[in-house]
Amino acid sequence: MSNPETIIKELKNLVDEMQAVICAEKILAWDLEINMPKTASRERAWQMSILSKIVHEMLISSKMQELLNNLRKKELFELLKTKDKAMVRELGRDFDKAIKIPTDLIRELTETTAQAQVVWAEAKTKNDFKLFAPHLEKIFSLKRQMAEYLGYKDSPYDALLDEYEPGMNTKTLDELFENLKKELIPYIKKIQCSNNMPNNTFLKQSYNKEKQLQLCNLLLETLGFDLKKGILEESIHPFTMGISPNDVRLTTRTDENNLFFAIGSTIHEGGHALYEQGIDSKLFKTNLYSGSSLGIHESQSRLYETIIGQGYPFWKYYFPVLKDTFKKELSDISLEEFYNGLNCVEPSLIRVEADEVTYNLHIVIRYEIEKDLMEKKLMINDIPKAWKEKMHNYLGVTPQTDAEGALQDIHWSFGAIGYFPTYTMGNLCAAQFYNQIRKEIPDIEQKLEKGDFKELREYLKEKIHQYGLLETPEEILQRVTGEPLKTHYFINYIKEKYNKIYSLN
């Protein structure tokens with residue numbers, strides 16, 4: 001029998017080199033968004049494509065195949081340490097997918113989406129879905145081919161869902177989303193009939209951008225983000241980049257006429273960044289130095305952004321700081337008025353502007369359309385009609401243009417079919433995790449009212465963050481909460497909160 005210690009050491013050396021290249025990719029990507037002159041975009045695309053090719057070639061190399069084949073043998077695999085088993089599991093998963101899809105298909109999809117993103121931007125500007133339709137038709141055709149190569153049990157959409165949220169499938173999502181529709185659609189109508197409608201116009205005054213950015217840095221420090229090992233910058237699209245244990249970067253975006261845009265973006269990305277800073281540093285230089293999944297990562301950002309960052313305990317502590325920063329703008333606003341205004345429920349046409357009560361229905365709409373397209377139950381040209389019908393039926397609003405309808409998101413243009421459900425997975429997991437936090441830390445809200453975020457941060461690090469990719473999303477949720485993913489924790493959270501705000505029974 002081969003010596004597993006020798007083989008795993010060889011594998012770690014190979015992975016070490018791969019991770020170094022991936023780190024370099026991330027730094028180039030950060031520079032692209034933050035510092036690089038726009039004139040250098042072509043050269044940067046060339047640089048990043050070469051690094052991406054190097055990583056791909058290392059992943060599918062004969063050496064990688066030889067090492068994985070040996071380590072995946074039952075008699076050797078069982079001798080490995082827990083960390084090494086996880087490394088082999090995740091590398092094996094990536095390797096299997098990489099070799100299943102022909103290089104020509106990957107190249108064609110890359111070229112198609114590169115063109116599609118340009119056409120999508122033009123189509124959105126011109127409010128013309130027909131301009132984008134041929135490109136979207138080709139993208140879905142290529143994605144169906146990809147699904148066939150990857151393999152699936154019930155629906156070709158399952159193969160794509162698994163790309164973004166390992167283990168997720170249409171059978172599970174159908175049940176979760178039906179439960180959400182059943183509960184949320186009538187509840188939103190109930191809110192709209194309330195006589196107690198909060199005012200949020202004060203959030204849309206003019207707020208100095210420099211003061212907003214100062215506040216954002218202070219917010220991160222309050223939450224416990226270590227700014228000595230990270231930086232906050234401004235970008236068009238807020239994002240977080242975890243490069244190493246000592247280098248976690250994030251961005252926010254200010255809007256002079258929308259105070260909570262920067263605050264919400266910063267707290268959201270702060271949740272992602274705290275996850276990255278909380279991963280066990282011993283996992284660095286391995287493929288396990290990452291969040292467990294997009295859904296679990298999103299659960300941390302949404303927990304901080306909505307459950308904490310739009311919660312009363314947080315603002316009981318932080319509102320005086322905010323009011324001191326913007327004395328003139330908020331002089332006549334009380335804590336209760338601010339909190340209620342921050343949590344207005346207003347069905348909107350645009351997903352990224354949606355509140356936490358209506359947001360998941362935007363995701364359900366995209367999920368149902370993507371699924372029907374993958375299963376050829378819906379034709380590309382019929383998307384705008386289906387979109388309008390679902391928006392009207394679920395949210396009571398109807399888009400009048402393609403730009404505020406089926407063209408509003410960039411995701412389809414770069415081939416991210418199956419990505420949208422991870423947003424709702426994040427919301428559901430966040431509520432389920434927070435329900436458990438309240439059980440294990442009964443005075444958590446009293447601590448938040450005093451500005452004490454340490455116990456919350458340490459709980460999340462101990463229970464979730466430190467594990468990186470050591471555990472699957474299902475394993476984390478089951479270990480932390482004792483249950484698989486459920487919708488009722490989210491529904492209970494929403495009703496408990498908004499019944500008070502809107503004086504509902």
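Treat every Asp and Glu Cβ in the chain as -1 and every Lys and Arg Cβ as +1, leave all other atoms uncharged, and give the resulting dipole magnitude about the Cα centre to the nearest 20 debye.
Charge dipole of the chain: 200 debye, to the nearest 20.
Once you sort the root eigenvalues of the Cα gyration tensor of segment 435-489 as a ≥ b ≥ c, which label holds: rounded (a/c under 1.5), prolate (a/b larger than b/c) or oblate (the other case)?
Verdict is oblate for segment 435-489.
Nearest 10 degrees is fine. How inclined is helix 41-59 to the longest principal axis of the chain, computing both from alpha carbons?
Relative to the chain, helix 41-59 is tipped by roughly 50 degrees.
Students often forget the sequence filter, so: which aspartates and glutamates lie under 14 Å Cα-Cα from residue 124 once same-chain residues fewer than 8 apart are removed?
402, 404, 409
Around residue 21, what is the net charge, scoring Lys/Arg as +1 and Asp/Glu as -1 over all other residues with Cβ under 13 Å from its Cβ?
-1
Using Cα-Cα distances under 8 Å and only pairs 6 or more residues apart, what relative contact order does the chain have, in percent?
20 percent.
Once you order the gyration tensor axes a ≥ b ≥ c over the Cα atoms, which shape class does segment 4-100 get: rounded for a/c under 1.5, otherwise prolate or oblate by comparing a/b with b/c?
prolate
Would you mind ranking 443, 104 by Cβ crowding within 10 Å, fewest neighbours first?
104, 443
Calculate the spin-label point distance for residue 337 paired with residue 108, positioning each point 7 Å from the Cα along the beta-carbon direction, and give it in nanometres.
Each label point lies 7 Å from its Cα, and together they span 6.1 nm.
Across every pair of different alpha-carbon atoms, what Kirkwood hydrodynamic radius in Å does segment 133-505 reach?
For segment 133-505, the Kirkwood estimate is 21.6 Å.
At R0 = 22 Å, how high is the FRET efficiency between residue 282 and residue 6 if r is their beta carbon distance? Nearest 0.05 is fine.
So the FRET efficiency works out to roughly 0.60.
Note down the nm distance, to one decimal, between modelled labels 7 Å out along Cα→Cβ at residue 189 and at residue 128.
Those two pseudo-labels are separated by 4.0 nm.
Using DSSP to define loop residues, name the trypsin sites (Lys or Arg not before Pro) in segment 413-503 whose beta-carbon has at most 14 other beta-carbon atoms within 10 Å.
450
If the chain between residue 438 and residue 210 were fully stretched, how many nm would it gain, using 0.36 nm times the residue separation less the Cα-Cα distance?
78.5 nm
How large is Rg/Rh for segment 371-505, to two decimals, with Cα atoms and a Kirkwood Rh?
Rounded to two decimals, Rg/Rh equals 1.07.
Translational D (Stokes-Einstein, µm²/s) of segment 215-351 at 37 °C and 0.692 mPa s when Rh comes from the Kirkwood sum over C-alpha pairs?
After rounding, the answer is 205 µm²/s.
Using only DSSP helix segments of four residues or longer, with each worth -39500 (n - 2.57), what per-residue ellipticity at 222 nm results for the chain after dividing by its residue count and rounding to 500?
-20500 deg cm²/dmol
When the gyration tensor of segment 201-250 is built from Cα positions, what are the square roots of 5 times its three eigenvalues, in whole Å, from largest to smallest?
Computed over segment 201-250, the values are 25, 13, 8 Å.
Between their Cα atoms, which of 53/81; 211/316; 100/153; 38/327; 26/83 are more than 27 Å away from each other?
Correct reply: 53/81; 38/327.
Under 19 Å from a point 7 Å along the Cα-to-Cβ line of residue 137: which residues of segment 384-422 have their amide N that close?
Hits in segment 384-422 for residue 137 at 19 Å: 384-387, 406-407, 412-415.
Full-extension gain between residue 117 and residue 154, please, as 0.36 nm times their residue separation minus the C-alpha to C-alpha distance.
Between residue 117 and residue 154, full extension yields 10.3 nm more.
Could you tell me the calculated FRET efficiency between residue 13 and residue 85, based on Cβ-Cβ distance and R0 = 22 angstrom, to the nearest 0.05?
0.75
Multiply the residue separation of residue 36 and residue 229 by 0.36 nm, subtract the distance between their alpha-carbon atoms, and state the gained length in nm to one decimal.
67.3 nm
With Cβ to Cβ distances under 14 Å as the rule, what net charge do the other residues near residue 174 carry (K, R +1; D, E -1)?
-2
Determine the shape class of segment 155-218: with a ≥ b ≥ c the square roots of the Cα gyration tensor eigenvalues, call it rounded for a/c under 1.5, and otherwise prolate if a/b is greater than b/c, oblate otherwise.
oblate
Only loop residues by DSSP count here, and only those with at most 12 other Cβ atoms within 10 Å; note down the trypsin sites (Lys or Arg not before Pro) in segment 100-184 that meet that.
153
Tell me the angle of helix 129-150 to the major Cα principal axis of the chain, expressed in degrees between 0 and 90 and rounded to the nearest ten.
For 129-150 against the chain, the angle is about 50 degrees.
Which net charge results for the neighbourhood of residue 313, defined as the other residues with beta-carbon distances under 10 angstrom from its beta-carbon, given Lys and Arg at +1 and Asp and Glu at -1?
With Lys, Arg at +1 and Asp, Glu at -1, the neighbours total +1.
Which FRET efficiency value, to the nearest 0.05, is calculated for residue 101 and residue 24 with the Förster distance at 35 angstrom and r the Cβ-Cβ distance?
Rounded to the nearest 0.05, the efficiency is 0.90.
Just so you know, all these numbers are worked out from the coordinates, no wet-lab data involved. Since this is a predicted model, take the numbers as computed values, not measurements. For neighbour counting, all protein chains shown are included, and Cβ atoms are generated from backbone atoms with ideal geometry for every residue, glycine included.
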